[in-house]
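One structure below.
All of the numbers you see were taken from the coordinates with simple rules; none came from a lab. Every value quoted in this text rests on a predicted model; they were computed, and no experiment measured them. Reconstructed Cβ throughout: ideal geometry from the backbone, glycine too, with neighbour counts over all protein chains shown.
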Amino acid sequence: MCATEASFEEPLVELRRRIQELEAYPEDPAKVKEVERLKKSLDKTTQDVYSKLTRWQKTLVARHGERPYTLDYIRLLTTDWVEVHGDRAFADDPAIVAGFATFRGRDVAVIGHEKGRDTKERIHRNFGQARPEGYRKALRVMRLAERFGLPVVTFVDTAGAHPGIGAEERGQAEAIARNLIEMAGLRVPIVVTVTGEGGSGGALALGVGNRVFMLEYSTYSVISPEGCAAILWKDQAKKTEAAEAMRITAPDLLELGIVDAVIPEPVGGAHTDHRATAQRVGDTIEEALLDLDELAPDELIRQRSERFRDLGVYVES
């Protein structure tokens, strides 16, 4: 079992391992029958486990190392992908991928966080934690999309923006703030999907959209449960209590009016079936773009502005 797998998944991992071992043997009736039995057991066990997940356990699913990332969605949902590199000011940031592609018959700009699969790639992509040049690259592609009248599709999956000294020296906070300002006034549709972790300003810098969706087991919050626990209780071990109090899961965010819809994942999470997950994400994005086609640029800006200004509104009794 890899380090990203949580303890509640251990029975599922064991069943999958046994199925894979049996499928490697030559075909015979006894083997086929046993594989069918194990698959039924896996389906039932998965449904049982995933129907009882706590908010902290859902956080672990959101961080699972085998969940589909931006490049997976690009591969499964688009054609003619052309990636743009560099911010024309300092460097390229592999933690964010950005470029242009054809999505179901229309040209779009696609931008998203990329965490990487193996250790080498994760280090190369800084575990999806972008530096200022990553956000400036994203903004460069957004401005090009606006110039050519192309919708912007973003995929959010990051623990947060990179907190290093170099990033701060090069204007991390300004780069994030600039993206918020520019996205608010972009004259083309913006559709955002939180696919894993939506962490703080690092997520919001790609998250100002006309439509914002979350995958079923994704999270979206101003700080991680560990960070919250460290601040409030001086004890990261209280991360489970923090996750419950913060209400960071997709159903929570839908109830609070932060997101427009929750996209169901395959049983057992997006990491079990990338293709089915991408199909559901693609259907949701396509429907949103068709709706937004009806809005003029000024209406897109007004709708986007009102959406975010209404967040956090409360009434005093």
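What the table below lists for this structure:
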{"quantity": "Fewest-first sequence of 272, 219, 240 by Cβ atoms within 10 Å of each Cβ", "calculated": "240, 272, 219"}
{"quantity": "Ranking of 19, 123 by count of other Cβ atoms within 10 Å, fewest first", "calculated": "123, 19"}
{"quantity": "Cα gyration tensor shape of segment 59-309, rounded if a/c is under 1.5, else prolate or oblate by comparing a/b with b/c", "calculated": "rounded"}
{"quantity": "Sequence ranges 247-257, 53-63, ranked by mean other-Cβ count within 10 angstrom, highest first", "calculated": "53-63, 247-257"}
{"quantity": "For segment 161-260: rounded, prolate or oblate by the Cα gyration tensor [a/c cutoff 1.5]", "calculated": "oblate"}
{"quantity": "Mean shadow area of segment 251-290 over all directions, Cα convex hull, nm²", "calculated": "3.2 nm²"}
{"quantity": "Radius 14 Å from Cβ of residue 133, net charge of other residues (Lys, Arg +1; Asp, Glu -1)", "calculated": "+2"}
{"quantity": "Order of 50, 220 under a 10 Å beta carbon neighbour criterion, fewest first", "calculated": "50, 220"}
{"quantity": "Proximal lysines relative to residue 39, as straight alpha-carbon distance under 26 Å, when same-chain residues fewer than 8 apart are discounted", "calculated": "31, 52, 58"}
{"quantity": "Considering only segment 59-309, percent of DSSP beta bridges that pair antiparallel, nearest 5", "calculated": "40 percent"}
{"quantity": "Where GluC sites (Glu not before Pro) fall in DSSP loop in segment 260-317, at most 11 other Cβ within 10 Å", "calculated": "294, 316"}
{"quantity": "Folded to 0 to 90 degrees: helix 274-292 orientation relative to the chain principal axis, Cα", "calculated": "30 degrees"}
